[in-house]
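Peer 1: Please find one structure pasted underneath; my questions will follow.
The values are calculated or read from the model by the stated rules, or taken from the named source; none is laboratory data. Please read all numbers here as calculations on a predicted model, not as lab measurements. Methodologically, a virtual Cβ is constructed for each residue, glycine included, from the backbone with ideal geometry; neighbour enumeration extends over all protein chains shown. Side chains are part of the model used for accessible areas, which takes the heavy atoms of the whole protein and leaves out ligands, DNA and RNA. Shrake-Rupley method; radii C 1.70, N 1.55, O 1.52, S 1.80 Å.
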Amino acid sequence: MSMLSVENLKISFKSGGRVTEAVKGVSFHVDKGESVAIVGESGSGKSVTAMSLARLLPRDGSCEVSGRALFDSEDIFQMNPKELRALRGGKIAYVFQEPSTSLNPVFSVGEQIAEAVRLHRPEVKDVRACVVEALEEVGIRRAAERYSAYPHELSGGMQQRVMIAMALSCRPRLLVADEPTTALDVTIQKQIIDLLREILKNRGMSMILITHNFGIIRGLCSRVLVMFRGRIVESGPTEEILYNPKHPYTKALIACIPRLGRSGERLVSIDYEKIDREARELGYAY
Amino acid sequence: MIRYALRRIIFAVPVFFIIITAVFFMVRFVPGGPFDRERQLSPETLAALNAYYGLDDSLPVQYVKFLKNLSRGDLGPSYKYQNRSVTELVREKAKVSLELGGAALAIALTVGLACGAVSAMGRGRLSGALDAVSLAGICLPAFVVGPVLIWIFSLKLGWFNAMGWREARDIVLPSVTLALFYAAWIAKLFKDSEARELAKDYSRTAIAKGESPLRVAAEASRAALSPVVSYLAPAAAGMLTGSFVVESIFNIPGLGKFFISSALDSDYTMIMGCVMVYAIFIICFNILADIALALLNPRVAKELGVRK
Ligand SMILES: Nc1ncnc2c1ncn2[C@@H]1O[C@H](COP(=O)(O)OP(=O)(O)OP(=O)(O)O)[C@@H](O)[C@H]1O
Ligand SMILES: [Mg+2]
């Protein structure tokens, strides 16, 4: 039995009488200690899939979710508000793409992490010490001092480390990282990826990493799900997908990876007509 | 923080003097004098009156005299109300306006913030209904609301006196009338900014952390309160220094009505007294608002050079 198992997930948005199907029946699973990547281009439904796992999508009726998402055999979509609050942060924690806007600008970063600890680990006596420890764990130096820093006083990389510290502070079973490095510059990206890798190794935690960059998942995720237009078109072990992609869309994505040592980045534009034609020939159903 | 407040107060002193100096000269350049409206004054009597009140001196001399008296806390005699000093009159009227305005401010803040919060957090019908009510509150002028309240609560139900300022309960209808507009504005301001903050990424982070909706709203409100605080500085000063319309409807002896009549009467000393009260309130509330903004938002604190 997998820790998380998603079955036939469908997500659609209603706006002004028009219905957009963002996710059209997706099934996947994540095992304990496993790290899975969801790859796909912009708009393919990666983020909404991830958000639905803690019911973070709009609850004003504009968004409809169906299917099942079993976490430890409990259906997340059937949980009551109290169970959901225990799940969010406590069992599934998130790191978002934009660290600069994802932190509350008027509270110190320490306070923001402390709030998470107070919510999910009431047994912790010295919350401050616990927060400082969490900050140290993500490689923030002079953590005790940084406790009272405000988000705008930190660099983007530091802010993302704070977000990671906040996510980890409550010992979640699953970390969902939605393009955690996209907003950062390249050298910082590498540091954050290395940090995630180390944490996963030390904690035995599971992770869902969302990216549209095949390059960063090698050595970080053991399995890959390729999403295209609201569907998972291909999935399998990372190495296998990288070296032996089956679906034409996956091939096109891999062709887009910029190789090191090449002069200039080769930007391949994706030819969707060709992909559609080839996919039909290969018998993939849309 | 204390150093910042002191610095602001020190800078406010010259501003205050510029205001009163400008007003001092401006009222005297306006055609008409304090005794024009008295009927049938012989030229000799007028000259004697002007001489008695020092109005025949040159303007600079009058100004110096005014400052000298001011330094002793003496604003001079009223030209209109014989035998009463301006200081005494202003104090008496300001007390009434402060009571009325204080009550109105309390009502406007509680009702406005509560409605704004509910409207921002709620959705659909409740939120829409509250928005409509606050829009109505903004649009309805006091000279409509006041008479309607009088008609319902004093004429029909007989709960309150229709007007006057004698019993404790006389404060209820006028303070509600005065508060309505401000409450509606505060509700709208707070709702809009709270809804903006709740839509931001950091509120999603708070939800993803497992916080309750109330807690998420409370954390968002710290940033959302800033526009309300900025609005409150002039609004509170306006409420506390009295409203001409409300005081007229309910026949209340407050500063607002007094200010207008003193201007119409060219009662120079009285105008100065009223202007000073108003200027002091405006200046103080602006300082308080800036301090509050700095306390709410560390970024503003940094810009203002406030250190905790
Ligand atoms: N709140 C929303 N209201 C309406 N439509 C939405 C909403 N959020 C997402 N969508 C739609 O759902 C689809 C999938 O969006 P999603 O954010 O999951 O894409 P993504 O794969 O994460 O892309 P990116 O790489 O740009 O982050 C998009 O077509 C988008 O327009
Ligand atoms: Mg996304």
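Peer 1: Using the alpha carbons of chain A, what is the convex hull volume per residue in cubic angstrom, as a whole number?
Peer 2: It comes to 155 Å³ per residue, whole-number rounded.
Peer 1: So what is the relative contact order for chain B, in percent, with contacts set as C-alpha pairs under 8 Å and at least six apart?
Peer 2: About 27 percent, as a whole number.
Peer 1: Sequence-distant or interchain residues sharing an amide H contact under 5 Å with residue A:236, placed H: which?
Peer 2: A:224
Peer 1: Given H placed 1.01 Å from N in the peptide plane, which residues other than close sequence neighbours of residue A:29 have an amide H under 5 Å from its amide H?
Peer 2: Residues meeting the amide H criterion: A:6.
Peer 1: Is it possible to state the helix-based mean residue ellipticity at 222 nm for chain A, with each DSSP H run of 4+ residues giving -39500 (n - 2.57), the sum divided by total residues, to the nearest 500 deg cm²/dmol? What is it? All intermediate terms of the calculation are to be shown ahead of the outcome.
Peer 2: Numbers: 11 runs with 101 residues, N = 286.
It comes out at -10000 deg cm²/dmol, rounded to the nearest 500.
Peer 1: Moving to a separate point now. On a 0 to 90° scale, report how tilted helix A:186-203 is relative to the longest principal axis of chain A, with both axes built from alpha carbons and the result rounded to the nearest 10.
Peer 2: 70 degrees
Peer 1: How far, in degrees from 0 to 90, does helix A:127-137 lean away from the longest principal axis of the Cα atoms of chain A, to the nearest 10?
Peer 2: The angle comes out at about 50 degrees.
Peer 1: If you take each beta carbon of peptide A:140-150 and count the beta carbons of other chains within 10 angstrom, what is the mean?
Peer 2: Mean inter-chain Cβ contacts per residue within 10 Å come to 1.
Peer 1: Using a 10 Å cut-off on Cβ to Cβ distances, tally the other chain neighbours for every residue of B:208-219 and report the average as a whole number.
Peer 2: Per residue, the average neighbour count from other chains is 6.
Peer 1: Placing +1 at every Lys and Arg Cβ and -1 at every Asp and Glu Cβ, with all other atoms neutral, what dipole size does chain A have around its Cα centre, in debye to the nearest 20?
Peer 2: Magnitude of the dipole: close to 140 debye.
Peer 1: Moving on to the next point. For a quick check of your reading of the filter: which trypsin sites (Lys or Arg not before Pro) in the stretch B:105-186 sit in a DSSP loop and have no more than 15 other Cβ atoms within 10 Å? Mind dumping the intermediate values first?
Peer 2: Working: sites: B:123, B:125, B:156, B:166, B:169; in loops: B:123, B:166.
Counting only loop positions with at most 15 other Cβ atoms within 10 Å, the trypsin sites (Lys or Arg not before Pro) in the stretch B:105-186 are B:123, B:166.
Peer 1: Also: For the stretch B:177-308, place one equal point scatterer on every Cα, skip the solvent, and apply the Debye formula. What is log10 of I(q)/I(0) at q = 0.17, 0.21 Å⁻¹?
Peer 2: One equal scatterer on each Cα of the stretch B:177-308 leads to -0.96, -1.18.
Peer 1: Oh, and also: Ordering A:64, A:34 from largest to smallest accessible area (1.4 angstrom probe), what's the sequence?
Peer 2: Result of the area sort, largest leading: A:64, A:34.
Peer 1: In addition: Quick one: of the DSSP bridges fully inside the protein assembly as shown, what percent are antiparallel, nearest 5?
Peer 2: Given both bridge residues lie in the protein assembly as shown, the antiparallel proportion sits at roughly 55 percent.
Peer 1: From the residues A:107, A:54, A:65, which one has its Cα farthest along the dipole of the stretch A:1-110 in the positive direction, the dipole being from +1 and -1 charges on Cβ of Lys/Arg and Asp/Glu about the Cα centre?
Peer 2: A:107
Peer 1: Moving on. Nothing charged except the Cβ atoms of Lys and Arg (+1) and of Asp and Glu (-1): what's the magnitude of the dipole of chain B about its Cα centre? Round to the nearest 20 debye.
Peer 2: Charge dipole of chain B: 1080 debye, to the nearest 20.
Peer 1: Could I ask something else about it? Which residue, A:13, B:128, B:53, has the largest displacement toward the positive end of the dipole of the protein assembly as shown when charges sit on each Cβ (Lys, Arg +1; Asp, Glu -1)?
Peer 2: After comparing all options, I get A:13.
Peer 1: List the lysines whose Cα sits under 28 Å from the Cα of residue B:191, skipping any in the same chain fewer than 8 residues away.
Peer 2: Leaving aside lysines fewer than 8 places away in the same chain, those within reach of residue B:191 are A:14, A:82, B:200, B:209, B:302.
Peer 1: Just to check I understand the Karplus step: with θ = phi - 60° and J = 6.51 cos²θ - 1.76 cosθ + 1.60, what whole-Hz values come out for the stretch A:224-232, glycine and proline as x?
Peer 2: 10, 10, 9, 9, 8, 6, x, 10, 8
Peer 1: Could you state how much accessible area residue B:80 has, in square angstrom rounded to the nearest 10, with a 1.4 Å probe and all protein chains kept in place?
Peer 2: Looks like 90 Å² after rounding.
Peer 1: Determine the dipole magnitude for the stretch A:54-132: charges of +1 sit on the beta-carbon of Lys and Arg, -1 on that of Asp and Glu, nothing else is charged, the reference point is the Cα centre, and the result goes in debye to the nearest 20.
Peer 2: On the way: 11 positive and 11 negative charges, 37 e Å.
Its charge dipole is roughly 180 debye.
Peer 1: Quote the accessible area belonging to residue B:274 in square angstrom, nearest 10, computed with a 1.4 Å probe and with ligands, DNA and RNA left uncounted.
Peer 2: Its heavy atoms expose roughly 0 Å² to the probe.
Peer 1: Name the residue from A:177, A:148, A:230 whose Cα lies farthest towards the positive end of the charge dipole of the stretch A:136-249, charges +1 on Cβ of Lys and Arg and -1 on Cβ of Asp and Glu.
Peer 2: Going by the Cα projections, it comes out as A:230.
Peer 1: In peptide B:197-204, how many Cβ atoms from other protein chains are near each Cβ within 10 Å, on average?
Peer 2: Counting Cβ atoms of other protein chains within 10 Å of each residue's Cβ and averaging gives 5.
Peer 1: Report the equivalent ellipsoid semi-axes for the stretch A:101-249 in whole Å, largest first, defined as the square roots of five times the eigenvalues of the gyration tensor built from alpha carbon atoms.
Peer 2: The answer is 32, 16, 13 Å, longest axis first.
Peer 1: Apply the Karplus parameterisation 6.51 cos²θ - 1.76 cosθ + 1.60, with θ equal to phi minus 60°, to every residue of the stretch A:247-252 and state each ³J(HN,Hα) to the nearest whole Hz, in sequence, with x for glycine and proline.
Peer 2: In residue order, the calculated couplings are 6, x, 5, 4, 4, 5 Hz.
Peer 1: How large is ³J(HN,Hα), in whole Hz, for each residue of the stretch B:240-246 in order, when computed from phi with the Karplus curve 6.51 cos²θ - 1.76 cosθ + 1.60 and θ = phi - 60°, using x for Gly and Pro?
Peer 2: Each residue's phi maps through the Karplus curve to give 6, 8, x, 10, 4, 5, 5 Hz.
Peer 1: To the nearest 10 square angstrom, how much accessible area does residue A:246 have with a 1.4 angstrom probe?
Peer 2: Number for this one is 100 Å².
Peer 1: Please list A:4, B:149 in order of solvent-accessible area, largest first, computed with a 1.4 Å probe with all protein chains present.
Peer 2: Ranked list, largest accessible area first: B:149, A:4.
Peer 1: What angle, in degrees between 0 and 90 and rounded to the nearest 10, separates the Cα long axis of helix B:125-139 from the longest principal axis of the Cα atoms of chain B?
Peer 2: Helix B:125-139 sits roughly 10 degrees off the main axis of chain B.
Peer 1: Identify the GluC sites (Glu not before Pro) of the stretch A:112-155 meeting these criteria: DSSP loop state and at most 13 other C-beta atoms within 10 Å of the C-beta.
Peer 2: Listed in order of number, the matching sites are A:123.
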